[in-house]
Structures are given as C-alpha cells and as structure tokens.
Amino acid sequence: MTLYNFVAGTHELERLNEAAEAAKLRVPVAAEYPLADAAGAHRRLEAGHLLGKIALMARDAVSLR
C-alpha cells in the first residue's frame, strides 16, 4: 500500500486546471439546480438513472452545458 500526504495550494490547483484543460476533460452534466433548490437536486439524485452529474448553481454562475 502506498500512502500519500498532500496539501493543495494555489500553484497545485493551477497546474491541475491546466492539465484538465490540456486533456480536454469534460464532465457530463445531467441537471443543474439553483442552490436554493438543493432538496430538488437530492430528489433527482435519489430517482436514479442519471447520465451525468448534478450541479448546484450558486449566484449567477455560468451554465455548465
């Protein structure tokens, strides 16, 4: 077994973001809910049969689709 101990900082997160962009990673989003409707998002999650992630949108966030 290999154990890792890592504390992320701004530099590490910037490198991770650059790597994700370079790899053109995309996360499929099944549904977006306003943060105020987190309960609705949980109901959708519990219903199952999702082809992607559920996103909770805070403030005036840009659509993920």
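The values are calculated or read from the model by the stated rules, or taken from the named source; none is laboratory data. Note that the structure is a prediction, hence the values are computed from the model and not measured. When we count neighbours, we look across all protein chains shown, and the Cβ atoms used for this are built from the backbone with ideal geometry, even at glycine.
General remarks:
- Count of the range 9-19 residues which are surrounded by 10 or more Cβ atoms within 10 Å (Cβ to Cβ) and among the polar types (S, T, N, Q): 1
- Of all residues in the range 20-57, those satisfying the criterion of being assigned to a helix (DSSP H, G or I), surrounded by 10 or more Cβ atoms within 10 Å (Cβ to Cβ) and at pLDDT 90 or above are Leu35, Ala36, Asp37, Ala38, Gly40, Ala41, His42, Arg43, Arg44, Leu45.
- A Cβ distance below 9 Å, combined with a sequence gap of six or more or placement on separate chains, defines the contacts here; from the range 24-39, residues that are within 16 Å of Leu50 (Cβ to Cβ) reach residues that are of a type in the set (D, E, K, R) and surrounded by 13 or more Cβ atoms within 10 Å (Cβ to Cβ) in the pairs Val27/Lys53; Pro28/Lys53; Val29/Lys53; Ala30/Arg44; Ala30/Lys53; Ala31/Arg44; Ala31/Lys53; Tyr33/Arg44.
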